[in-house]
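**Q** Submitted below is the structure of interest, expressed as structure tokens.
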Amino acid sequence: MSYRTRKNAAWIAWARGLRDACVENATAWQLEETWLQPLSSLVNAATEAYEVNAPKMTKNHATVAAKNEAFTRLKEFLRVFILRLIADTRISDEQLVAMGLRARDRKYKGPLPRPSKEPMLEVFAGKHHVLDAYVSAEQLGRATTRVRENRNYSIVIRYKIEGEEVWREVHSSRLHAYLMFEPGQEGKRVTLTAAWINSRFERGPWSNEVTVIIN
């Protein structure tokens, strides 16, 4: 199962994707705030601890300990939360597998292979420090609508703000993602790239990099 992977980068990416899917489908799945609030808080804390510990220049015994503690607290919560998701029949086998979890039906064919093509990425700088990122499969001729490479693929967008060393990531089941920045980051350049991702959170090739300025 994806949530048992031992690699920190892959595991935290999976946890963020699980959180995003639960937030997006909270109404349909009737997920109470008593589940969503700690899920978001623990994922955010684990992500922050991981990103602080990732660069070699800032990594030390304290950052390692903080990362390990944040990961442990999140894993303890997920052990119970995942059982709640699997027991909820409002969530289909396909949706469970799309989140990297096991299907209830053992005959379910399982996830797709790793994506083999890179997507097209367009980024537009809007007002109020927001970037709009759009992803689509490559199409012959002029594209009038954005389409998926495969209907079961999600997207991951990786971005890095000018002056930073660590890439940040956002996952989405849609072909559009909003990226919001702080007022103090206005005027800075942001470099972005995107990839298709399957239900095992295996990524395909990265798209071309796009650089825009935060307005």
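The values are calculated or read from the model by the stated rules, or taken from the named source; none is laboratory data. Since the structure is predicted, the reported quantities are computational estimates derived from the model, not experimental observations. With ideal geometry, Cβ positions are generated from the backbone for all residues, glycine too; neighbour counts draw on all protein chains shown. We work out accessible area using only protein heavy atoms, side chains counted, and drop any ligands, DNA or RNA first. Shrake-Rupley method; radii C 1.70, N 1.55, O 1.52, S 1.80 Å.
**Q** Taking the conditions exactly as written (more than 20 Å from Ser154 (Cα to Cα), assigned to a loop (DSSP other than H, G, I, E, B) and modelled with pLDDT of 90 or more), does Leu36 satisfy them or not?
**A** Criteria not met by Leu36.
**Q** Could you say whether any residue in the range 198-207 is closer than 25 Å to Ala26 by Cβ and without any contact (Cβ under 8 Å) to a residue 24 or more places away in the chain?
**A** No, because not a single residue in the range 198-207 is closer than 25 Å to Ala26 by Cβ and without any contact (Cβ under 8 Å) to a residue 24 or more places away in the chain.
**Q** Can you say whether Gly184 is open to solvent by 60 Å² or more (accessible area, probe 1.4 Å), small (Gly, Ala, Ser), at pLDDT 85 or above and on the phi > 0 side of the Ramachandran plot, as far as the supplied structure shows?
**A** In short, no.
**Q** Test each condition in (1) modelled with pLDDT of 90 or more; (2) under 19 Å from the mean Cα position of the chain (by Cα) for Arg73 and report the one that comes out false.
**A** For Arg73, the failing item is (2).
**Q** Go through the range 69-107 and give me each residue that's open to solvent by less than 70 Å² (accessible area, probe 1.4 Å), of a type outside the set (D, E, K, R) and not in a helix (DSSP H, G or I).
**A** Ile91, Ser92, Met99, Gly100, Leu101, Ala103
**Q** Can we say Lys117 is under 20 Å from the mean Cα position of the chain (by Cα), closer than 23 Å to Val156 by Cα, at pLDDT 90 or above and of a type in the set (Lys, Arg)?
**A** no
**Q** In this structure, is Val123 in a strand (DSSP E or B) and farther than 18 Å from Ala13 by Cα?
**A** Criteria met by Val123.
**Q** Could you give every pair whose Cβ atoms fall below 7 Å, whose first residue belongs to the range 164-190 and is part of a loop (DSSP other than H, G, I, E, B), and whose second residue is open to solvent by less than 50 Å² (accessible area, probe 1.4 Å) and basic (Lys, Arg), counting only separations of at least 6 or pairs across chains?
**A** Here the result reads none, with nothing in the range 164-190 linked to a residue that is open to solvent by less than 50 Å² (accessible area, probe 1.4 Å) and basic (Lys, Arg).
**Q** Could you tell me which numbered condition Thr58 fails, if it satisfies all but one of (1) modelled with pLDDT under 90; (2) within 18 Å of the chain's Cα centre (by Cα)?
**A** (2)
**Q** Among Ala66, Ala21, Ala45, which is the only one that is open to solvent by less than 40 Å² (accessible area, probe 1.4 Å), under 28 Å from Ile157 (Cβ atoms) and assigned to a helix (DSSP H, G or I)?
**A** Unique residue meeting the criteria: Ala21.
**Q** Filtering the range 127-152 down to residues that are modelled with pLDDT of 80 or more and more than 16 Å from Val170 (Cβ to Cβ), which residue is surrounded by the fewest Cβ atoms within 10 Å (Cβ to Cβ)?
**A** Going through the qualifying residues, I end up with Lys127.
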